[in-house]
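The values are calculated or read from the model by the stated rules, or taken from the named source; none is laboratory data. Please read these numbers as outputs of a predicted model, since none were measured by experiment. Cβ coordinates were reconstructed from backbone atoms using ideal geometry, including for glycine residues, and neighbour counts include every protein chain displayed. Accessible surface is based on the protein model in full, side chains and every heavy atom, while ligands, DNA and RNA are left aside. Shrake-Rupley method; radii C 1.70, N 1.55, O 1.52, S 1.80 Å.
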Amino acid sequence: KNDAYELVRQQVARGKQAFVVCPLIEPSDSIESASALEELKTLQQGEFKNLRVGLLHGRMKLAEKQDVMERVRNNQIDVLVATPVIEVGMDIPNATVMIIMSANRFGLAQLHQLRGRIGRGTHDSHCILLTSSKSAEANERLAVLSETKDGFKIAEADLQLRGPGELVGQDQ
């Protein structure tokens, strides 16, 4: 984690931007997972206290979201802490680092989509998947992402690892 934060600081010093993605908006008593509000506070007071850190999540009003996005586009935010709301439609060629907290909480297709938000410019980019899960299955799923960038291979691996789900019923 410290190495990931150091990479962000180095990239920001070079004028680049970063995303820190969390599965939840707020902390949960029932789900062990990183939350955007908690991570924002921790990073603003600690690792990134000298950087411009912003927040974006799905419960924000549209005008707030648009304001944050405009500030990111104009390079007025160095590090954007966000939920998966950035999964689609985010085109910031200046963003070169993405840290995905509690990566085991995301599906492979979603992780692949999130990862696609960086590396859109001409600069080398880094996607760092962090997890505290000791689950062999979670680690196997995350290993798939480190081995390929091919969305079809990722979808096939996800199907093999998680199964097809049910058309009718509780399993998706």
Just checking, does region 61-78 include any residue being open to solvent by less than 50 Å² (accessible area, probe 1.4 Å) and among the small types (Gly, Ala, Ser)? no
With 116, 58, 46, 89 as the choices, which residue is closer than 23 Å to residue 146 by Cβ and out of contact with any Leu (no Cβ under 9 Å at 6 or more places or on another chain)? 116
So which of 149, 153 ends up being under 30 Å from residue 74 (Cβ atoms), open to solvent by 70 Å² or more (accessible area, probe 1.4 Å) and either hydrophobic (A, V, I, L, M, F, W, C) or not in a strand (DSSP E or B) (or both)? 149
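For region 18-32, give me each residue that is under 22 Å from residue 113 (Cα atoms) and either open to solvent by 10 Å² or more (accessible area, probe 1.4 Å) or assigned to a loop (DSSP other than H, G, I, E, B) (or both).
Selection gives 22, 23, 24, 25.
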Of the residues that sit in region 105-118 and are open to solvent by less than 40 Å² (accessible area, probe 1.4 Å) and not hydrophobic (A, V, I, L, M, F, W, C), which one is modelled with the lowest pLDDT? 107
Which numbered condition in (1) over 17 Å from residue 32 (Cα atoms); (2) at pLDDT below 85 is the only one that residue 134 fails? (1)
With respect to residue 44, determine if the residue is in a helix (DSSP H, G or I) and open to solvent by 30 Å² or more (accessible area, probe 1.4 Å). yes
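In the set 166, 137, which member is charged (D, E, K, R), in a helix (DSSP H, G or I), open to solvent by 60 Å² or more (accessible area, probe 1.4 Å) and free of Cβ contacts under 8 Å to residues at least 60 places away in the same chain? Can you show your working first?
On the way: 166 fails: in a helix (DSSP H, G or I).
The conditions single out 137.
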Working only within region 98-112, note down all residues that are out of contact with any Leu (no Cβ under 6 Å at 6 or more places or on another chain) and either outside any helix (DSSP H, G or I) or of a type in the set (Val, Ile, Thr) (or both). 98, 99, 102, 106, 107
Test for residue 7: is it touching a residue at least 24 places away in the same chain (Cβ under 8 Å) and either in contact with a helix residue (DSSP H, G or I) (Cβ under 8 Å, 6 or more places away or on another chain) or exposed (fewer than 12 other Cβ atoms within 10 Å of the Cβ) (or both): no
Among (1) over 27 Å from residue 146 (Cα atoms); (2) under 16 Å from the mean Cα position of the chain (by Cα); (3) of a type outside the set (Gly, Ala, Ser); (4) outside any helix (DSSP H, G or I), the one test that residue 80 misses: (1)
